[in-house]
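The values are calculated or read from the model by the stated rules, or taken from the named source; none is laboratory data. Just so it is clear, the model here is predicted, and its values are computed rather than measured. Cβ atoms come from the backbone with ideal geometry, glycine included; neighbour counts cover every protein chain shown.
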Amino acid sequence: MRVALLTTYSHGGAGIACRRLEAALRFVGAEAQTLTAADASARWPFYAERLAFLPYERDRSVRFQFSLANVGCDLSRHPVVRAADVIHLHWINQGFLSLKNIQQLASLGKPIVWTLHDMWAFTGGCHHSAGCDGYVRQCGRCPLLRWSGPRDLSNRVWRRKRHLFPRSMHIIACSDWLGQRARRSSLLGEYPIDVIPNAIDTELFAPASPAQRQAFRRRLGVAEGAVLALFSSVKVENPWKGFTHLVAALRHLHQQQPHRPLELVIMGKVQTESLQALPYRVHALGQLTEPRQIAEAYACADLFVIPSLEENLPNTVMEALACGTPVAGFRTGGIPEMVEHGQNGYLAPVGDSAALAEAIAWVAERAEQLRPAARNKAEQSYTLTIVGQRHQVLYEHLVQSVIYAAPR
């Protein structure tokens, strides 16, 4: 089985998930190769995409929350695509693939599989709907646009998708949460949709020994007996990642339990002003790129905190669980499918900082006894073997099928 995996970037959540799927497929014997925008030498389409949206954006804050997919790269003649039995799309925005390019790939007559990493495939352009249900109908009246109405840009993009989407796609959602929304949508509701989670290397992301954890803490200078909490985000100040809620939760915790020894490790780009708002000592590791260093940070923390306001199936939670590190966070998106409340972590209502403080305290008090359940969740759901085999079964079914078309 030869599979071409297409994703805009090799980094970022979707890019990492795609690379891990490539590893999982190879692990189970498939021939898989990933193509990115860099491999296609595609830079100018990125700028063309952004410039095309500028006249329509409500303000700068939404600039990267909406994609048109007007321009991209024709990969239908690329040797990797030509040799593949299956073409598997992932996150393809920001000038990598246009809607027309997707149609060109479908014209090759090969099965098209598309893993959703956000909501873009079934909306009129937004990547996260933030509570808007326009995607259930035909979009329009988009809150991200400067000019919003029944026939606005979101409605026009929706109609282009309806016209250009291939009839032969098979959709994969990484979480039940996203799969349910795709099934409700007017664009993808009639396509076959499976839910298959992302994969993780559970040999690399694995629990640390007590000695390894002590060495990590000594290297950072963590106080004896302090609880070590971890937060991770590529860009800490991204509002979707909820850092302001984490700050509020930690302040609340400090007020309620001023003598609790706690220190915070942060992975990702963070501004100095953001660190000054925290009531506890902070160890800022910056943007780590070496997988073993990332795995070490997860494995040596006592708990992982994810205050995100909306997530699909976050790699960060998967990495924490694989390392046997319990999780405190908000009950949103696909996170409740990963964090079993009271078993391998604790979940609070979305946006409730006081409840998040309670979740952090609850997990901190029970971190050691929660570690086995955290690791067990990863071993039962996300290993390279499990995820690779589930994809392989789907690919074989699609290749052997005579008809791939979704009804219209």
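Numbers for the structure displayed
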read-out	value
Candidate set from the range 233-274 (those that are at pLDDT below 95 and among the small types (Gly, Ala, Ser)); member that is surrounded by the most Cβ atoms within 10 Å (Cβ to Cβ)	242
Some residue of the range 325-340 being in a loop (DSSP other than H, G, I, E, B), in contact with a Ser or Thr (Cβ under 9 Å, 6 or more places away or on another chain) and closer than 25 Å to residue 207 by Cβ	yes
Any hit, the range 300-317, residues being part of a helix (DSSP H, G or I), closer than 24 Å to residue 88 by Cα and in contact with a helix residue (DSSP H, G or I) (Cβ under 9 Å, 6 or more places away or on another chain)	yes
Qualifying residues in the range 368-380 (those that are surrounded by 18 or more Cβ atoms within 10 Å (Cβ to Cβ) and under 22 Å from the mean Cα position of the chain (by Cα)) - the one nearest to residue 115 (Cα to Cα)	378
Options 365, 358: the member that is acidic (Asp, Glu), in a helix (DSSP H, G or I) and either buried (at least 17 other Cβ atoms within 10 Å of the Cβ) or under 20 Å from the mean Cα position of the chain (by Cα) (or both)	358
Residue list for the range 81-107, restricted to those being surrounded by 18 or more Cβ atoms within 10 Å (Cβ to Cβ), touching a Lys or Arg at 6+ places or on another chain (Cβ under 9 Å) and more than 21 Å from residue 48 (Cα to Cα)	81, 84, 86, 87, 106
The range 266-285, residues that are farther than 16 Å from residue 302 by Cβ and touching a residue at least 24 places away in the same chain (Cβ under 8 Å)	268, 269, 270, 271, 274, 277, 278, 279
Matching option when the condition is among the small types (Gly, Ala, Ser) and surrounded by fewer than 18 Cβ atoms within 10 Å (Cβ to Cβ), among 130, 182, 199	130
The range 17-33 residues that are of a type in the set (D, E, K, R), paired with ones that are surrounded by 18 or more Cβ atoms within 10 Å (Cβ to Cβ) (beta carbon under 6 Å, 6 or more apart)	20/199; 22/5; 22/32; 22/34; 26/32
Residue within the range 230-245 that is more than 23 Å from residue 361 (Cβ to Cβ) and hydroxyl-bearing (Ser, Thr, Tyr) present	no
Some residue of the range 3-12 being outside any loop (DSSP other than H, G, I, E, B) and polar (S, T, N, Q)	no
Close pairs (6 angstrom Cβ cut-off, 6 or more residues apart or separate chains): touching a residue at least 60 places away in the same chain (Cβ under 8 Å) and closer than 18 Å to residue 288 by Cβ in the range 313-328, among the polar types (S, T, N, Q) and surrounded by 24 or more Cβ atoms within 10 Å (Cβ to Cβ) anywhere	316/232
Selection from the range 343-365 of residues that are more than 18 Å from residue 325 (Cα to Cα) and small (Gly, Ala, Ser)	351, 353, 354, 355
Conditions (1) of a type in the set (S, T, N, Q); (2) surrounded by 18 or more Cβ atoms within 10 Å (Cβ to Cβ); (3) in contact with a Lys or Arg (Cβ under 9 Å, 6 or more places away or on another chain); number of the one not met by residue 148	(2)
Filter result for residue 32 (farther than 28 Å from residue 152 by Cα, modelled with pLDDT of 95 or more, in a helix (DSSP H, G or I) and aliphatic (A, V, I, L, M))	no
Count of the range 8-45 residues which are surrounded by fewer than 18 Cβ atoms within 10 Å (Cβ to Cβ), acidic (Asp, Glu) and within 20 Å of residue 389 (Cβ to Cβ)	1
